[in-house]
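Written out below as structure tokens is the structure these notes cover.
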Amino acid sequence: MIILLSAIVVSVVLFYIGRVLYQRSLRVRGQLQMARLFTNISHEMLTPLTVISASVERLRGQEPRFGKDYALMDLNIDRMVRLMQQILETSKLQSGNLKLLVSQGDVMQYISQTALCIEPLMFKRGLSFNITCTPKSMMGWIDTDKLDKIIYNLLSNAAKYTPPNGHVSLNVKTNKTYDHVIIKVVDDGIGIPVQQQKHIFQRFNDGNYRRANTIGTGLGLALTHDLVELHGGTIKCQSEEGVGTTFTVMLPINKESFSTSQIDDQHHIDANASRSTIIDLKDLMPQADEPEPVSLTSAHSDAYTILIVEDNNDLLMLMRSLLSTKYRILTAHNGKEAIDVIGREDLDLIVSDVMMPEMDGNELTRQLKSTPEWSHLPIILLTAKTQDEDRKQSMLLGADDYIKKPFRLGELELRIDNIIENRKRIHHDESGDKDNSGESLREPTAEELFLSQAYDSVMSHIADGDFDRSAFAQAMGMSDSTLYNRLRSLTGMSVSAYIRDIRMKEAYKIAKSTPQIRVSDLAYRVGFQDPKYFATCFRKEFGIQPSEFIEQAAASKA
């Protein structure tokens, strides 16, 4: 019996061990299949990116005046290519297919030239950047493709987490026996919390990128760590919050450190031909003699004002450039900045990204819709999230529209126009809601009560030429910005346009009922101190000079 029970126990144990091993093998096979899938997709995406890049070059030759737009396209093509390469390298590492291939050349010169290619990134971030190599020249054996990725990832990571006016340095030296190169990347950025430092080389660990107002994929440092280990080198991190971070990489550069299959004797390294890792971002920066984008603020006082909230500077700049020819554009990089702008500016509509540092788009929407003086401001959310639950969450918070990335700017402009037109329709003739006696058939809404109060307020000061926006707001018992936001959202008009509209309609009624009135007297009765300006406004509103209209009104009564 004991033997039988032992046999059963052993059988059960072996069964479960076999089941675990089988499930593990399935997971491994699944991971390998997923890695192959990512590799195939990455390869396939590189082809259309190459075609797009070639098309941009062709357009640059045909229409060179759009240089800034081409530079922006090149920047984002370059970013996508680098992300695809990160995925490919990670997949190769996981499958064991990533190999070293070292060549001989001037290691110090190659590192220095490669780092210089990243200088525009530092320029864009407003950082000072210096490179020190000791000695300045030294021969050795390196895999330029892998070393390029190590340098780029460490320097771009330092740039992400260093605030403007900060400093990043690359210090390179050799050990005493000249068979290793020591690379140090030092920044005075925000630092890494102690509890996170042990996870920084783990794949998909994206660190504090939201707190640093940047983006992250969680692949860069993990890939860097794996590439360093592939070389038989070491990488260490020292960091202190609020002080900065130092990454130290030690790589072998002597031929004896590599196997025969890892050595390429046929080619030598050309330090001057180091591949640029990022395009010259100075092409995207406004020049001193370059005019600002056309603004409608001064030319058209009634131009709609739109606040764009987006933490990606390139997308923010592109939307601002394309929309500023039609609207007055204000910008913010996160919800917290947006709240400051909303509090001090007169706005008609807000376009906001969802995923942002400090305060995201959903929280911005919640605060906007829960604050009475801002609640009527329409907001369009932009997001890379594709799940229906994400859209539902944003709409429940009060978002007026929701656009998934990537999107066409023409679509965004159409959505903006539609919302503005819908808001205008709210200000319609209310006669359909009244019976034959003129009495309302229902209780007035809060919006209707506000508009009625606003109309009565202007009419009670109709002859007062000094009754302007500030006086109007005081009469309504609210701030200038609150009055503007409510009027614009309900009528589609600014405060001055709303006052002028009522003055014009009243002038029309007076002229029609009192055809013997002089134009100057008519102007004064509706609050215009300059009869010539009044005549201009009247003609613009009704398509006829007031004098002609008065004559026609007199003739019709004769």
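The values are calculated or read from the model by the stated rules, or taken from the named source; none is laboratory data. Keep in mind that what you see is a predicted model, and the values were worked out from it rather than measured. Ideal geometry is used to build each Cβ from the backbone, glycine not excepted, and the neighbour counts take in all protein chains shown.
So which pairs qualify, if the first residue must be in segment 450-465 and within 20 Å of Ser520 (Cα to Cα), the second must be loosely packed, with under 12 Cβ neighbours inside 10 Å, the Cβ gap must be under 7 Å, and the two must be at least 6 apart or on different chains? The qualifying pairs are Gly465/Gln529. Being within 22 Å of Tyr455 (Cβ to Cβ), charged (D, E, K, R), surrounded by fewer than 19 Cβ atoms within 10 Å (Cβ to Cβ) and modelled with pLDDT under 85, is that true of even one residue in segment 521-541? Yes: one or more hits.
Each row is one residue, and each column tells you yes or no for (1) crowded, with 20+ Cβ neighbours inside 10 Å; (2) part of a loop (DSSP other than H, G, I, E, B); (3) not assigned by TED's automatic domain parsing to the domain that holds Arg525.
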| position | (1), (2), (3) |
| --- | --- |
| Ala454 | yes, no, no |
| Asp466 | no, yes, no |
| Phe472 | yes, no, no |
| Leu487 | yes, no, no |
| Leu490 | no, no, no |
| Ser496 | no, no, no |
| Ile499 | yes, no, no |
| Met504 | no, no, no |
| Lys509 | no, no, no |
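Within segment 179-194, being part of a loop (DSSP other than H, G, I, E, B) and touching a residue at least 60 places away in the same chain (Cβ under 8 Å) holds for one residue alone: Asp179.
Residue-by-condition table, conditions (1) under 22 Å from Asp348 (Cβ atoms); (2) modelled with pLDDT of 85 or more; (3) of a type in the set (D, E, K, R):
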{"residue": "His376", "(1), (2), (3)": "yes, no, no"}
{"residue": "Asp390", "(1), (2), (3)": "no, no, yes"}
{"residue": "Gln393", "(1), (2), (3)": "no, no, no"}
{"residue": "Lys405", "(1), (2), (3)": "no, no, yes"}
{"residue": "Arg425", "(1), (2), (3)": "yes, no, yes"}
{"residue": "His428", "(1), (2), (3)": "yes, no, no"}
{"residue": "Gly438", "(1), (2), (3)": "no, no, no"}
{"residue": "Ser452", "(1), (2), (3)": "no, no, no"}
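Residues of segment 324-343 that are farther than 16 Å from Leu364 by Cβ and modelled with pLDDT of 85 or more: Tyr327, Arg328, Ile329. Listed conditions (1) modelled with pLDDT of 80 or more; (2) out of contact with any Asp or Glu (no Cβ under 8 Å at 6 or more places or on another chain); (3) more than 24 Å from Ile306 (Cβ to Cβ) are all met by Phe472, apart from (3). For segment 285-296, the count of residues that are loosely packed, with under 14 Cβ neighbours inside 10 Å and either modelled with pLDDT of 80 or more or within 25 Å of Ser169 (Cβ to Cβ) (or both) is zero.
Please work out if Arg486 is charged (D, E, K, R), over 24 Å from Leu522 (Cα atoms) and either at pLDDT below 90 or within 30 Å of the chain's Cα centre (by Cα) (or both). Show your work before the answer.
Details: charged (D, E, K, R): yes; over 24 Å from Leu522 (Cα atoms): yes; either at pLDDT below 90 or within 30 Å of the chain's Cα centre (by Cα) (or both): yes.
Considered against the rule, which asks whether it is charged (D, E, K, R), over 24 Å from Leu522 (Cα atoms) and either at pLDDT below 90 or within 30 Å of the chain's Cα centre (by Cα) (or both), Arg486 comes out as yes.
Tallying residues that are among the acidic types (Asp, Glu) and within 13 Å of Ile269 (Cα to Cα) within segment 102-127 yields 1.
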